[in-house]
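A short write-up of the structure that comes next.
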Amino acid sequence: MKHKIAPSLLAADFLHLQKEVEMINNSEADWLHMDIMDGVFVPNISFGFPVLDAVKPILKKPMDVHLMIVEPQKFVKEVAAAGAYMMNVHYEACTHLHRTIGAIKEAGMKAAVTLNPHSPISLLEDIIQDLDMVLLMSVNPGFGGQRFIEHSVNKTARLKEMIRERGLDTLIEVDGGVNLETGKRLLEAGADVLVAGSFVFSSPDPIQTIKELKEM
C-alpha cells in the first residue's frame with residue numbers, strides 16, 4: 001500500500017480556512033488531520049466541533065480527527081456527526097479503552113489509539129487487534145512546529161513488528177516534526193500515514209510539498 005499523507009489543519013491559516021481546505025482538496029493529500037485540544041489533557045486549546053462542522057460541507061478528503069482531550073468517549077456521537085472517517089483517542093486519556101473503541105466502531109467510524117512519546121507500544125498488546133490504526137506522537141502533543149523526537153523511528157519499527165507478528169493490517173500513523181528527511185526514515189521503519197502540519201502549510205507551495213511527501 002502506498003503511504004498516506006494527512007496534513008494537519010492545526011497549522012493552517014484560519015483567517016482563510018476555506019482557501020486552505022480547497023488547497024487540500026486540490027492536492028494529493030489522502031486525509032485531513034484535525035487536532036482537537038482542550039487545554040487540560042494538553043497545554044493548549046485549538047478548535048472544536050464548530051470548525052469540523054464548517055469544514056464538513058467543503059472537504060472532499062476523509063477527516064482524521066485526533067482528540068487530545070480528557071474523556072474523549074463522551075464525544076463519539078459528535079465526532080461521527082461531524083463526518084469523521086477516523087477517530088483517534090489517546091491511550092492515556094481512556095480508562096475504559098476497549099469500550100471506547102467499540103463505541104467508535106458502532107458509530108460508523110474507523111478507530112485509532114494514540115500513544116504519547118513516553119508511552120511504550122507494549123500498552124497496546126491487548127487492544128491492537130481491535131484497532132484500525134495506531135497514531136504515534138513524535139513530539140509532545142499540544143503545539144505544532146516542535147522538534148522531532150528521534151526514538152520515534154525505532155518505536156515505529158517495533159510497532160510494525162508487533163503488527164506483522166500477529167498478522168494484522170493495523171495502520172501506523174506518525175505525527176510531529178514530519179518533513180522529507182524524517183518522513184523517509186519513518187516510512188522505511190514501517191509507517192503508513194504521515195501527518196505534517198507546519199511543513200506543509202508554512203511552505204511556499206503547499207500542494208508541491210504534499211506531492212513531494214507523497215512521492216517519497
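The values are calculated or read from the model by the stated rules, or taken from the named source; none is laboratory data. This is a predicted model, so every value here is computed, not measured. Reconstructed Cβ throughout: ideal geometry from the backbone, glycine too, with neighbour counts over all protein chains shown.
Pick out the one residue from A6, A54 that is farther than 28 Å from L186 by Cβ and out of contact with any Lys or Arg (no Cβ under 8 Å at 6 or more places or on another chain).
Step by step, each of A6, A54 is checked, and only A54 is farther than 28 Å from L186 by Cβ and out of contact with any Lys or Arg (no Cβ under 8 Å at 6 or more places or on another chain).
Of the residues M86, M63, which single one is of a type in the set (A, V, I, L, M, F, W, C), in contact with a Leu (Cβ under 7 Å, 6 or more places away or on another chain) and closer than 22 Å to V134 by Cα?
Numbers: M86 fails: in contact with a Leu (Cβ under 7 Å, 6 or more places away or on another chain).
M63 is the lone residue from the list that is of a type in the set (A, V, I, L, M, F, W, C), in contact with a Leu (Cβ under 7 Å, 6 or more places away or on another chain) and closer than 22 Å to V134 by Cα.
In the set D38, D30, which member is of a type in the set (D, E, K, R), within 17 Å of the chain's Cα centre (by Cα) and closer than 30 Å to E188 by Cβ?
Numbers: D38 fails: closer than 30 Å to E188 by Cβ.
It is D30.
Only one of these is out of contact with any Phe, Trp or Tyr (no Cβ under 6 Å at 6 or more places or on another chain) and either of a type in the set (S, T, Y) or surrounded by fewer than 20 Cβ atoms within 10 Å (Cβ to Cβ) (or both): E161, E173. Name it.
Details: E173 fails: either of a type in the set (S, T, Y) or surrounded by fewer than 20 Cβ atoms within 10 Å (Cβ to Cβ) (or both).
Result: E161 is the single residue among E161, E173 that is out of contact with any Phe, Trp or Tyr (no Cβ under 6 Å at 6 or more places or on another chain) and either of a type in the set (S, T, Y) or surrounded by fewer than 20 Cβ atoms within 10 Å (Cβ to Cβ) (or both).
What are the residue pairs meeting all of these: first residue in region 125-140, first residue within 17 Å of R99 (Cα to Cα), second residue crowded, with 19+ Cβ neighbours inside 10 Å and among the acidic types (D, E), Cβ atoms under 6 Å, and 6 or more apart or on different chains?
Once the first residue is within 17 Å of R99 (Cα to Cα) and sits in region 125-140, its partners that are crowded, with 19+ Cβ neighbours inside 10 Å and among the acidic types (D, E) give M133/E173.
Looking at region 50-75 only, could you name the residues that are crowded, with 17+ Cβ neighbours inside 10 Å and under 24 Å from N140 (Cα atoms)?
L52, M63, D64, V65, H66, L67, M68, I69, P72, Q73, F75
Taking region 22-42, which residues are charged (D, E, K, R) and either part of a strand (DSSP E or B) or at pLDDT below 95 (or both)? Let's see the steps before the verdict.
Step one: of region 22-42, the residues charged (D, E, K, R) are 22, 28, 30, 35, 38.
Once the filter is applied, which keeps residues that are charged (D, E, K, R) and either part of a strand (DSSP E or B) or at pLDDT below 95 (or both), region 22-42 yields D35, D38.
Quickly run through region 189-210 and pick out the residues that are surrounded by fewer than 21 Cβ atoms within 10 Å (Cβ to Cβ) and either without any contact (Cβ under 8 Å) to a residue 24 or more places away in the chain or within 15 Å of the chain's Cα centre (by Cα) (or both).
Those that are surrounded by fewer than 21 Cβ atoms within 10 Å (Cβ to Cβ) and either without any contact (Cβ under 8 Å) to a residue 24 or more places away in the chain or within 15 Å of the chain's Cα centre (by Cα) (or both): S198, S203, P204, D205, Q208.
Return yes when K19 is among the charged types (D, E, K, R) and either in contact with a Lys or Arg (Cβ under 6 Å, 6 or more places away or on another chain) or assigned to a loop (DSSP other than H, G, I, E, B) (or both) and no when it is not.
Details: among the charged types (D, E, K, R): yes; either in contact with a Lys or Arg (Cβ under 6 Å, 6 or more places away or on another chain) or assigned to a loop (DSSP other than H, G, I, E, B) (or both): no.
No, not satisfied.
Residue by residue through region 115-136, note down the ones that are under 16 Å from the mean Cα position of the chain (by Cα) and of a type in the set (A, V, I, L, M).
Applying the first criterion (under 16 Å from the mean Cα position of the chain (by Cα)) to region 115-136 yields 115-117, 131-136.
Of everything in region 115-136, those that are under 16 Å from the mean Cα position of the chain (by Cα) and of a type in the set (A, V, I, L, M) turn out to be L115, L131, M133, V134, L135, L136.
Given the conditions (1) part of a loop (DSSP other than H, G, I, E, B); (2) out of contact with any Phe, Trp or Tyr (no Cβ under 7 Å at 6 or more places or on another chain); (3) surrounded by fewer than 20 Cβ atoms within 10 Å (Cβ to Cβ), and given that S122 satisfies all but one, which numbered condition is not satisfied?
Condition (1) is where S122 drops out.
Check region 56-75 and report whether any residue there is closer than 19 Å to W31 by Cα, over 16 Å from the mean Cα position of the chain (by Cα) and outside any loop (DSSP other than H, G, I, E, B). Spell out the reasoning first.
Taking region 56-75 as the starting set, the residues that turn out to be closer than 19 Å to W31 by Cα are 56-68.
If we keep only those that are over 16 Å from the mean Cα position of the chain (by Cα) too, we end up with 56-60.
Going one step further and asking which of them are outside any loop (DSSP other than H, G, I, E, B), we end up with none.
Within region 56-75, not a single residue is closer than 19 Å to W31 by Cα, over 16 Å from the mean Cα position of the chain (by Cα) and outside any loop (DSSP other than H, G, I, E, B).
Report, by residue number, each residue of region 88-134 that is within 17 Å of R166 (Cβ to Cβ) and among the hydroxyl-bearing types (S, T, Y).
Answer for region 88-134, where residues must be within 17 Å of R166 (Cβ to Cβ) and among the hydroxyl-bearing types (S, T, Y): just S122.
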